[in-house]
Amino acid sequence: MQQASRLDLLQGTLDLLILRTLQSGQALHGWAISERIQQISQDVLRVNQGSLYPALHRLEHQGWIRAEWGVSELGRRARFYCLTASGRRQLNVETQNWGRLTAAIGRVLEMA
Amino acid sequence: MNWNELLLRIRALILRKRVEQELDEELQFHLEMEARKNAAAGVREGEAALLARIRFGGFQQVKEECRAIRGTQLIETVLQDIRYALKSFRRSPTFMLTVVGTIALGLGLNTALFTIFNAYVLRPLSVRDPYSLYSFTWIDRAGEGHAFSWREFESFRKDKPAFTETVAVQFLYAHVNGHPLMGELVTGNYFQVLGGSVALGRTLLPTDCSAPGREAVIVLSYRAWQDKFGGDPNVVGKKLWLHGYPLEVVGVAKQGFNGVGDVPREYWAPITMASQLEDGPDLFGPDHPNAMSWILGRLKPGSSVSQAKAALTGWSQQMTADLADSEKATGVILQSRATAISVTPEAVAFFSPIAAAFGLVLLLACANVANMMLARAMARQREIGIRLSLGAGRRRLIRQLLTESILLAIPAGLAGFVISQATVQLSLRLMFATMPSDFAEFITTLPMPADARVFVFMLAASLVSAVLFGLAPAIQATRNNVMLAARGEFTTDVRPARLRNMLVVGQITASVLLLICSGVLIRGADRMRNFAIGFRTHGVIIMGIGEKLRTSVIARLRSEPMVEMVAAAGSTPLNGMLPSVSVSTAAGETVPSAWYNHVSPEYFSLLEIPILRGRNFTGDEARSRAPLAIISEATARRLWPNADAVGQEIRIQHDPHTNWGEQLPQHAAVRVIGVARDIVTCSIPWGKDPSLLYFPITPASARSSLLIRVKGNVEPTCRRLDAELAVMAPGAVEEIHPLDQYFAGGIYPFRAASWVGSALGGLALVLTLSGIYGVLSYLVTQRSKEIGIRIALGATTRGVTRLVLQQSMRLATMGIGLGAMLSLGVSRLLGSHLVFMNTFDLLAYGGGVLLVASACLAAAYFPSRRAARINPIETLRYD
């Protein structure tokens, strides 16, 4: 099965991916965000759609992303998310953290 | 929480429906997009949507998770509970009104009591910075407080051991224009220290106290100006005769300024006028009279009470170092004067039994409502059981039931507030209406506003009672076994019966307790009223007069045709005060504090006190103040248990604590010439004087009050004499009352207490009655199936009635027994303080028990009749 080669997301990385996806400045709706993550990761990362929306709402409550109703490419009403200024700062912090984390894990794995 | 989040939350709260809709729309959109993608990948139409849903996971769970993020769930469920409760109230308005009414009554009474307590004990006085105000005195070995002399006060003011500002205060009662005036002689800085200003004229100033005998001025309180001088706008500049001395009114204090203390002060005059006003030794002369009843001051900023106490103790010991051991200071009393009554152990001891009695009524009301709620919760058990088996959390259900209680408590609190205000006003009015008229003139009350503290109390009390009457039923009702509920059995749980029975027993106990105690009080007050005090009060006027015009007043009285007889007494009877000395016989018998009085020979015949053995004083003996004494029977028994007292000698030793206003015995040894029958001189509640010595004086002797026996009706004569003497000798009459009024005034507090007690007891009885009725009615309904079967099996009407009655009587017996036992304890306590309270008053106990027992029977009767009328066929068909 194809699905066996996909990885479930690590706990807490979904937020980072959502923020990164929105960095381009283009407003996206939830489904597009999950598709985008999947595409860019070349189908390796599978977004658990059930946890996507709670994550989006949480980020919105934290003020890192902003939601607005707009018209989707198919002419239907959809909720579009875009990054806020504080979201951009948060993305920087989290990207750095992620870099430090993976570097550290990499080093441990090499040493062992 | 940042602003963004707050805004989102508020939006979620206000636009709840819209936010929900949006969430649904967003998720639906996602599913659609996913389905479309699946379809594009070649999945069949129906399967594409299904696959999307599967990939999405639990749709409702996701929604629930998103809702949780909004952080408004708590508020939303509370709102939901409130809506639900309101809906159920609308279905049963009678239930709701009964609950609200019952709790409102209990809350109202307690809030009324708290309003009074607040006015006296909690509310700061309307003076500048009340919390730094303290009064100070030192105490000696015997624990007696000290009244300061002017010299002592001056060194205190100079040394400043603990206070930054210091005021000397002496309470002085006066009789002005036919009205009593309670005021104070104070140092000139009084108004500055307390931050008192005036509505008219000026305050007292330090210059008013610059020298002895200066200035003859007086400042009236706003209330005295309004009530006793008719709010005369030209009062400033007028002369008032105080104790026969004219003082010029220089100002009226601003409204609300009542000085420091529990009795609102009505005037202030310079303390430098003390000698003029009191006919006493010169405050500034060589006698150094102890005149300052207390020293008031402001604690040094930053100094703690214990530091101040240490400093004051050091100072006091230094001041008394040269005195005799019995007069050396051993400690100090430093008392906060922020409120009218300081929170002392005595104040707490006075208020706590009253608060307990009132609190008991509130508890009864709560028990009643708890019972009603319980019955209601049981009736709703089917609904609660279904909700439990459908997965509702027990916690959630309890919260919902508690929300109902709180929703009931809020209107009850508001209604209670209205009741409390009405109660306070009504009881003040009733108090003044039922009080002896002359007595009422002396009573001034503090304002009793419903301030923030009263509101907080009411709110807290309503919430506490909501939890009291709501929590237990809620816990009980949700204890339902889900398994049983699922099978449709909702009424097999028998445990609530225990709680209900406990509540009913508690109610019966409390009402028995309240009724018996008020019975004991009523009987005590009654016994007091009918008690032979040993002399005749009727037709006698008591008059206090100043010394300057004494001879002319006596001459005027003797020439008055309505006056039959004039006598004099150092202490007037029933005044609550008698000085004491230590007396001993040659044989060594000693009475360490024997009361004494100075009386003129006419005293005995005027009050109709028989001299049982020996003889009365002669006129000559009285004029020369011969070393003779007449003693009371009780004193004779104590000093000479086996011999005749007449002709014996008594040795007398002064008590150093005697107020300088009292006459001291003139001789170190006196001979007993007569034995008089025992009477009550001091105070009725204390009974006949345990010991009393009479020494001779004449009406002309200084510091004695007059007793006047008049012909005919005493009240108009009393008023006429007062008016005539005010013209003839202004300010000479310091006090004038019919003796009957003293008597009535002395027992009034006990009558009032017994009325309050009976009112509480009656209310408790009504609550208990309705409580028992409610519980039994409910039990009958609950047991109707069982009773129906019994009737079907041949039980008689009488048998069924007995079944129900028996159940209630079991509870009644338990409650009555407990209540009677508790009453024994309480009335013992009453009896230990008051002579007239009979701990084992059979009538009070019998009456209380009988009343409650018959009330229980009556309350049980109707439900039992209903039980007997149960139609077995109908009830058996019911399920």
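Annotations for the structure displayed:
- Built amide H within the under 5 Å cut-off of residue B:165, gap 5+: B:298
- Prolate/oblate/rounded call for chain B, Cα gyration tensor, a/c under 1.5 rounded: prolate
- The calculated FRET efficiency for the pair residue B:700 and residue B:608, based on their C-beta separation and a Förster distance of 22 Å, comes to about 0.40.
- Cβ-based charge dipole, segment A:2-111, positive-most Cα from A:13, A:90, A:50: A:90
- Here residue B:536 and residue B:453 are evaluated by their C-beta separation; at R0 = 35 Å the FRET efficiency comes out at 0.10.
- Across segment B:215-230, rounded Karplus estimates of 3J(HN,Hα) from the backbone phi angles (6.51 cos²θ - 1.76 cosθ + 1.60, θ = phi - 60°) give 9, 7, 10, 8, 10, 9, 7, 4, 5, 4, 4, 5, 7, 10, 10, x Hz, Gly and Pro being marked x.
- Helix-only mean residue ellipticity at 222 nm for the protein assembly as shown, each DSSP H run of n ≥ 4 adding -39500 (n - 2.57), per residue, nearest 500: -18000 deg cm²/dmol
- Cα gyration tensor shape for segment B:563-710, rounded if a/c is under 1.5, else prolate or oblate: rounded
- Most simply put, segment A:2-111 has about 80% antiparallel DSSP beta bridges, counting only bridges with both residues inside it.
- Furthest towards positive pole of dipole, B:259, B:273, B:244, structure part segment B:223-279, Cβ charges: B:259
- Evaluating 6.51 cos²θ - 1.76 cosθ + 1.60 at θ = phi - 60° for every residue in segment B:239-244, the Karplus couplings come out as 9, 10, 8, 10, 6, x Hz, glycine and proline recorded as x.
- With each label modelled as a point 7 angstrom along the Cα→C-beta vector, the residue B:871-residue A:107 pair spans 9.1 nm.
- Inter-probe distance in nm under a simple model that places probes 7 Å from Cα toward Cβ, at residue B:15 and residue B:410: 2.7 nm
- Residues whose amide H lies under 5 Å from that of residue A:29, counting only those 5 or more places away or on a different chain, are A:81; hydrogens are built 1.01 Å from N in the peptide plane.
- For the listed peptides B:797-805, B:514-522, B:757-765, B:582-590, a ranking on the average number of other beta carbons within 10 Å per residue, highest first, reads B:514-522, B:757-765, B:797-805, B:582-590.
- Alpha-carbon centroid distance for the pair segment B:516-570 / segment B:216-258, whole angstrom: 30 Å
- Rounded Å value of the spacing that divides the Cα centres of segment B:770-842 and segment B:69-104: 34 Å
- In order along segment A:35-48, the phi-based Karplus estimate (6.51 cos²θ - 1.76 cosθ + 1.60, θ = phi - 60°) of 3J(HN,Hα) comes to 5, 4, 4, 5, 4, 4, 7, 6, 6, 7, 8, 10, 7, 6 Hz; Gly and Pro are listed as x.
- Modelled label reach - residue B:464, point 7 Å along Cα→Cβ, segment B:108-138 residues with backbone N closer than 15 Å: B:108-115, B:117-118
- Mean Kyte hydropathy of 1.0 or more with a Cα span along the axis of at least 24 Å, helices from DSSP in chain B: B:93-117, B:345-379, B:452-477, B:842-868
- Per-residue shielding of A:57-64, expressed as the average number of other chain Cβ atoms within 10 Å of the residue Cβ, stands at 5.
- Set B:160/B:238; B:239/B:711; B:63/B:87; B:300/B:328 screened for pairs whose C-alpha atoms are more than 30 Å apart: B:160/B:238; B:239/B:711
- Placing unit charges on the Cβ atoms of the charged side chains and taking the dipole of the protein assembly as shown about its Cα centre, the candidate lying farthest along the positive direction among B:98, B:604, B:587 is B:98.
- Annotation: the antiparallel percentage among DSSP beta bridges lying fully within segment B:563-710 is about 70.
- Cβ-Cβ FRET estimate between residue B:173 and residue B:719, R0 fixed at 22 Å, reported to 0.05: 0.65
- Extending 7 Å from Cα along the Cβ direction at residue A:92 and again at residue B:355 yields two label points whose distance is 6.1 nm.
- Amide H partners (placed H, <5 Å) of residue B:284, local residues excluded: none
All of the numbers you see were taken from the coordinates with simple rules; none came from a lab. Since the model is a prediction, treat every value here as computed from it, not as a measurement. Every residue, glycine among them, receives a Cβ derived from its backbone with ideal geometry; neighbour counts consider all protein chains shown.
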